[in-house]
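A.B. asks: I have a structure I would like to understand better, so I am pasting it below and will then ask my questions one at a time.
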Amino acid sequence: KEEMLYSNFEQSKHLFHLVFTFGCRQFIYASSCAVYGNLPSPYTEDLTPAPLNAYGESKAAFDEWILDRNNKTNCNVVGLRYSNVYGIGESHKGRRASMIYQMIEKMKKGESPKLFKDGEQKRDWIYIKDVVKANLQALGFKGVGIFNCGSGKSTSFNDLVKIINNKLNANIQPEWIDCPFPEKYQSNTKTNMNKAARELNFAPSYDCDAGIEDMITEMKKAGI
């Protein structure tokens, strides 16, 4: 926990002070929907954070610190609370790669993806091209604000298997395993994207079906 707080909280504060000292007045950083824990979805940005783990705690701590900067520094700040991001170029992450990436890699080889029983847990997945668009839109924001960055939709792991099978023209079934940390596992994430649409003029373009199709196409182009 101490290492997580150091990396995501203390070092983020240090980075903010550093770039501000050298003249930066537009600061965009990565927060996370992990701050919401198992609060009822869809999540709105005004909910009081209830993280389930040290990662979520560290992100919530920096969000709180940033919001406290409002009117104290002449700097525009946007925190994007990323939901589950996926896309090509994740191979270097290993086990930290998105579940969608890991599932595609396994299923391309004819292997069964491992899912926690019973696969009906849901996630709000956002495609990397939408994340890029959100960051570009955030460049024009004036003030200090925290915004959800998701698709605004929930998709179960079972439905992901169906989508990937369809795109790969396969029929691979998952391998079921027990969740080793059920009390710290987010069971259903979904973001409310109204604030981002209203204040950043950002709306996601890809649902899971379109995002996974584009991702597999890009992987083929790149020879991955």
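A.B. asks: Can you give me the relative contact order of the range 92-224 as a percent, contacts being Cα pairs under 8 Å and 6 or more apart? Intermediate values should be presented prior to the final figure.
C.D. replies: Working: 154 pairs, mean separation 47.6, N = 133.
It comes to 36 percent, rounded to a whole number.
A.B. asks: Follow-up. For the range 150-217, with every protein chain kept in place, what is the accessible area per residue (1.4 Å probe, Å²)?
C.D. replies: 53
A.B. asks: Taking the Cα centre of the chain as the origin, how large is its charge dipole in debye, to the nearest 20, when only Lys and Arg (+1) and Asp and Glu (-1) carry charge on their Cβ atoms?
C.D. replies: 480
A.B. asks: Give me the Kirkwood hydrodynamic radius of the range 67-224, using the inverse of the mean 1/r over all pairs of distinct Cα atoms, in Å to one decimal.
C.D. replies: Kirkwood hydrodynamic radius for the range 67-224: 17.0 Å.
A.B. asks: Still on this model: Please report the antiparallel percentage of DSSP beta bridges with both residues in the chain, rounded to the nearest 5. Please report the intermediate quantities before stating the final value.
C.D. replies: Working: 2 of 23 bridges.
Roughly 10 percent of the beta bridges in the chain run antiparallel, per DSSP.
A.B. asks: Here's another thing I want to ask about it. Could you provide, to the nearest whole Å², the per residue accessible area of the range 32-108 with probe 1.4 Å?
C.D. replies: 47
A.B. asks: Where is the GNM fluctuation largest for the chain (alpha-carbon springs, 10 angstrom cutoff): Phe20, Phe181, Phe157?
C.D. replies: Of Phe20, Phe181, Phe157, the Gaussian network model singles out Phe181 as fluctuating most.
A.B. asks: Relative contact order, percent, of the chain when contacts are C-alpha pairs under 8 Å separated by at least 6 residues?
C.D. replies: For the chain, the relative contact order is 24 percent.
A.B. asks: Given Lys59/Lys129; Lys1/Lys117; Lys1/Lys190; Lys122/Lys142; Lys13/Lys142, which pairs have Cα atoms separated by over 31 Å? All intermediate terms of the calculation are to be shown ahead of the outcome.
C.D. replies: On the way: Lys59/Lys129 23 Å; Lys1/Lys117 28 Å; Lys1/Lys190 26 Å; Lys122/Lys142 34 Å; Lys13/Lys142 20 Å.
The pairs that break the limit, which is 31 Å between Cα atoms, are Lys122/Lys142.
A.B. asks: While we're here: Choose one of Tyr82, His92, Gln102: the residue whose Cα lies farthest towards the positive end of the charge dipole of the range 81-131 (beta-carbon charges +1 Lys, Arg; -1 Asp, Glu; about the Cα centre).
C.D. replies: My answer, from the dipole projection, is His92.
A.B. asks: Still on this structure, please answer the following. With a 1.4 Å probe and all protein chains left in place, how much of the accessible area of the chain comes from carbon and sulfur atoms, in whole percent?
C.D. replies: 50
A.B. asks: Could you pull the accessible area for His92 with a 1.4 Å probe, rounded to 10 Å²?
C.D. replies: Using a 1.4 Å probe on the heavy atoms, I get roughly 150 Å².
A.B. asks: Rank Asp124, Asp214, Asp63 by mean-square fluctuation in a GNM of the chain with C-alpha springs under 10 angstrom and give only the top-ranked residue.
C.D. replies: Highest fluctuation among the options: Asp214.
A.B. asks: Top mean-square fluctuation among Arg96, Arg25, Arg123, Gaussian network model of the chain, C-alpha springs under 10 Å?
C.D. replies: Arg96
The values are calculated or read from the model by the stated rules, or taken from the named source; none is laboratory data. Computed from a prediction, not measured in an experiment: that's the story for all the values here. For neighbour counting, all protein chains shown are included, and Cβ atoms are generated from backbone atoms with ideal geometry for every residue, glycine included. The accessibility values were calculated without ligands, DNA or RNA, using every heavy atom of the protein model including side chains. Shrake-Rupley method; radii C 1.70, N 1.55, O 1.52, S 1.80 Å.
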